[in-house]
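One structure below.
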């Protein structure tokens, strides 16, 4: 019998160690596994590399992790939110305590998709001639220049979905889907917090946006 | 000296050029207002990089759905016929040339259409590249909507961008409060100039050399 459900957030993060590379789902406030991030803060894990679209909103658990000095590196497409004041991430980066790798958002997700799909990299026209393509291998294909982008993997992915079942099938609410499906394929350990754990079959097959095979643990949050 | 159009009027002007049936991605900030000014008899579909095709108006207070935000984080609604997809599909849509236009904000645009809009090299702030680079390398046409000058009065339209480039030679049309400018093989062409402003006034507030279009018209918009 397959049962990926765990009872507590602490159980969901079992084995997550100092220095881990952690993918964090979400765009703005939509799809962020806020309960898992708060549990990560409580856990005390440090030296983390966070792979997320952005550094998190002003009052988010992610910014609390930055403020607590737990994050050594951020890989993201956005380094700032809408707040007028610099965030704990920005303060840490400017002070040299946090490393920042900025990646165009579509390349960010495609590198994860690539890793999760067993590919060794891909050629992309994005950023050619800009400083974000500096140092990358360039190849002309059919008269256009492309740069080689490498797969992006992680030890852990933390996801949020509206519904999940004990096999790990996930269904996301509207635009909460964003990076969830790609991250679910690209990390060694995939942990999802869900608003509701439902019975097998309650998620219609065409609504199982992330099939259970990609998911390792599931925890219900309220 | 003339300030030209208001910000709402600038968004209105950019919206008038969107033909029936086009698919458009709008940048964060001023460009987002473009969607509010599309003539009612046209179906123009707005894409949001976080995975929505068919973004509708902002959600009314009390009617927000936590799962529905746009690229700027605003709580939005969906129009009838909207579709939801993941980020990989969203960027396939952009890079694969499936969107007709992107209308973006900018720090600077150069005479040949170089775009700088991701890193203003601020002392205490981090940059955002977001989806801008994917968009400008993939959308069929890139347009910019921005104030003609910075708050300090410096030109945003320049011979060479001082800020790090988003892409070289990608911008085709620029809408500002003072003018509509096209980037052509012959240089930057003034198509429309705000009422009360002469071509030499416009040139004086622009950091790149302009050419006056033979059929240059006044840039006008209704009171909004």
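Structure notes:
The rows are residues; the columns are (1) in contact with a helix residue (DSSP H, G or I) (Cβ under 8 Å, 6 or more places away or on another chain); (2) within 23 Å of residue B:100 (Cα to Cα); (3) at pLDDT 95 or above.
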position: B:161; (1), (2), (3): no, no, yes
position: B:174; (1), (2), (3): no, yes, yes
position: B:177; (1), (2), (3): yes, no, yes
position: B:224; (1), (2), (3): yes, no, no
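- Only one entry of A:207, A:202, A:145 meets the criterion of being within 30 Å of residue B:81 (Cβ to Cβ), within 13 Å of another protein chain (Cβ to nearest Cβ) and surrounded by fewer than 16 Cβ atoms within 10 Å (Cβ to Cβ), and that entry is A:207.
- Looking only at the range A:148-173, and only at residues there that are farther than 23 Å from residue A:200 by Cβ and surrounded by fewer than 21 Cβ atoms within 10 Å (Cβ to Cβ), the one that is nearest to the other protein chains (Cβ to nearest Cβ): A:151
- Residue within the range A:108-129 that is facing chain B (nearest Cβ under 7 Å), in a helix (DSSP H, G or I) and over 29 Å from residue B:66 (Cβ atoms) present: no
- Restricting the range A:96-118 to residues that are closer than 22 Å to residue A:131 by Cβ and surrounded by fewer than 17 Cβ atoms within 10 Å (Cβ to Cβ), the residue that is nearest to the chain's Cα centre (by Cα) is A:101.
- Residues being more than 24 Å from residue B:96 (Cβ to Cβ) and free of Cβ contacts under 8 Å to residues at least 60 places away in the same chain - total across the range B:1-36: 4
- Selection over the range A:90-101 of residues that are facing chain B (nearest Cβ under 7 Å) and in contact with a helix residue (DSSP H, G or I) (Cβ under 7 Å, 6 or more places away or on another chain) gives a count of 1.
- Criterion applied to B:62, B:67 was being touching a strand residue (DSSP E or B) at 6+ places or on another chain (Cβ under 8 Å) and without any contact (Cβ under 8 Å) to a residue 12 or more places away in the chain, and the one residue passing it is B:67.
- Count of residues meeting criterion [surrounded by 20 or more Cβ atoms within 10 Å (Cβ to Cβ), more than 16 Å from residue A:100 (Cβ to Cβ) and modelled with pLDDT under 95] in the range A:15-59: 1
- Selection within the range B:116-148 - free of Cβ contacts under 8 Å to residues at least 12 places away in the same chain and either away from chain A (no Cβ under 11 Å) or crowded, with 23+ Cβ neighbours inside 10 Å (or both): B:126
Conditions tested, residue by residue: (1) modelled with pLDDT under 95; (2) part of a loop (DSSP other than H, G, I, E, B); (3) within 14 Å of another protein chain (Cβ to nearest Cβ).
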site	(1), (2), (3)
B:42	no, yes, no
B:47	no, no, yes
B:57	yes, no, no
B:63	yes, yes, yes
B:67	yes, yes, yes
B:83	no, no, yes
B:91	no, no, yes
B:98	no, yes, yes
B:112	no, yes, yes
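- Answer residue from the range A:60-89, given it is within 8 Å of chain B (Cβ to nearest Cβ) and under 16 Å from the mean Cα position of the chain (by Cα) and is surrounded by the fewest Cβ atoms within 10 Å (Cβ to Cβ) among those: A:79
- Top-ranked residue in the range B:149-163 [being in a loop (DSSP other than H, G, I, E, B) and more than 14 Å from chain A (Cβ to nearest Cβ); ranked as nearest to the chain's Cα centre (by Cα)]: B:156
- The numbered conditions (1) surrounded by 15 or more Cβ atoms within 10 Å (Cβ to Cβ); (2) at pLDDT 95 or above; (3) within 16 Å of the chain's Cα centre (by Cα) are all true for residue B:72 except (2).
- Residue count for the range B:183-210 satisfying the condition of being without any contact (Cβ under 8 Å) to a residue 12 or more places away in the chain and either within 30 Å of residue A:77 (Cα to Cα) or out of contact with any strand residue (DSSP E or B) (no Cβ under 7 Å at 6 or more places or on another chain) (or both): 5.
The values are calculated or read from the model by the stated rules, or taken from the named source; none is laboratory data. Please read all numbers here as calculations on a predicted model, not as lab measurements. Neighbour counts are summed over all protein chains in view; Cβ atoms, including those assigned to glycine, are modelled from backbone coordinates with ideal geometry.
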